[in-house]
Amino acid sequence: MELRQLRYFEAVATTLNFTRAAEQLHIAQPPLSRQIQQLESELGVVLIDRSTRPLKLTRAGAFFYEQAVQILGRVHELKAATQRVGMGQRRWIGVGFVPSMLYGALPTVIHTYMAQHPDIDVRLSELTSLQQVDALLAGRIDIGFGRVAIDHDGLENTLVTEEPMVAVLPIGSPLVSQRVVTLKSLAQQTVVLYPAQPRPSFADQVIGHFRVRGLSIDRTFETNGLQTAIGLVAAGIGVSLVPSSVQRLQRDDVIYRSIDDAGLVSPMLMTTRAKDPSADLATFCDLVRHTITPPPGAKAPATSRAGTNRRR
């Protein structure tokens, strides 16, 4: 699959007419048709229903169009940003984060950094902890914030803080009557875990907390998003565990409850490339350390080289 084919498909999907799409792309219609056919052949699905006038996208075609637009938009942004950096017009720093970080102190750090350094572009990317590995190594981001230690040589994990976990319960749950619930009582429910993929993830962290305490979860239900997990809880599918800062996400159809276990915490980990020389990144990391409260009793954030001191 080539970027050229994505651009060709975008033009056809937008105009729903091969002739107009070819004119828009400044190419002849036959090669345009061949490229779309090759794309469909590679995917093994029909993207465009040619039996109607005007043309119609199939269900697979509509999905592919949405994804293609996002990819092409990202390519355009990448091209423009690279040109700015190459011409020395703009410095930038890429920040990756898991969704639950948005309910803690990280947004404050980002806002403060942007206000103090208006000459630096801050690029934000929502990525799972595992996805941050490729993004860091490829240079798409410079720093990642996740819940699971990224295990890769050449990366450094810094424990910034730890958050107690809380239970998310549906309004109708009998556990709502308790101000504090036990992990054992949660294990007897269907536990909604996220993200389902890629693994390892926060889901494995939650499972691990049950396992090390000798508890076996009766049933699990996996989904890929934090808000989806909470929505499933609201629908009565089960219960879920989230970092305590997520309680800022207020809903009328769920209740948050503390869990009777002081050791039930989720780390906030800051991951960077080992020995990254960027002064802009060093300034950002210093702001993180001065803004976010470290774990109780910790004198300073703990740093480890992934691959030599591995945490999961």
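The values are calculated or read from the model by the stated rules, or taken from the named source; none is laboratory data. None of these values were measured; they are calculated from a predicted model. Note that each Cβ is placed from the backbone with ideal geometry, even for glycine, and that neighbours are counted across all protein chains shown.
Inside the range 141-164, residues that are part of a strand (DSSP E or B) and closer than 21 Å to residue 291 by Cα make up a count of 13.
Within the range 107-122, the set of residues being in contact (Cβ under 8 Å) with a residue 60 or more places away in the chain, under 24 Å from residue 78 (Cβ atoms) and buried (at least 17 other Cβ atoms within 10 Å of the Cβ) comprises just one member, 113. Could you count how many residues in the range 186-220 are assigned to a helix (DSSP H, G or I) and either crowded, with 20+ Cβ neighbours inside 10 Å or of a type outside the set (Lys, Arg) (or both)? Qualifying residue count for the region: 12. Taken over the range 233-245, the criterion of being under 22 Å from residue 184 (Cβ atoms) and within 21 Å of the chain's Cα centre (by Cα) is satisfied by 233, 240, 241, 242, 243, 244.
For residue 34, the stated conditions do not hold, so it cannot be described as among the basic types (Lys, Arg), under 30 Å from residue 201 (Cβ atoms) and part of a helix (DSSP H, G or I).
Residue count for the range 146-176, restricted to those that are at pLDDT 90 or above and either of a type in the set (Ser, Thr, Tyr) or more than 18 Å from residue 96 (Cβ to Cβ) (or both): 17.
Table: residues versus (1) assigned to a helix (DSSP H, G or I); (2) modelled with pLDDT under 95; (3) hydroxyl-bearing (Ser, Thr, Tyr); (4) not assigned by TED's automatic domain parsing to the domain that holds residue 130.
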position	(1), (2), (3), (4)
229	yes, no, no, yes
240	no, no, yes, yes
251	no, yes, no, yes
289	yes, yes, no, no
297	no, yes, no, no
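Exactly one residue out of 120, 143 is modelled with pLDDT of 95 or more and either among the basic types (Lys, Arg) or under 20 Å from residue 276 (Cα atoms) (or both): that is 143. Screening the candidates 129, 177, 125, 173 for the property of being free of Cβ contacts under 8 Å to residues at least 24 places away in the same chain and among the hydroxyl-bearing types (Ser, Thr, Tyr) yields one hit, 177. Does any residue in the range 16-40 that is polar (S, T, N, Q) come within less than 8 Å, Cβ to Cβ, of a residue that is in a loop (DSSP other than H, G, I, E, B) six or more places away or on a different chain, and which pairs are these? Note: pairs meeting the criteria are 17/54; 17/55.
Restricting 34, 50, 7 to those that are out of contact with any Cys (no Cβ under 7 Å at 6 or more places or on another chain) and closer than 30 Å to residue 125 by Cβ reduces the list to 7.
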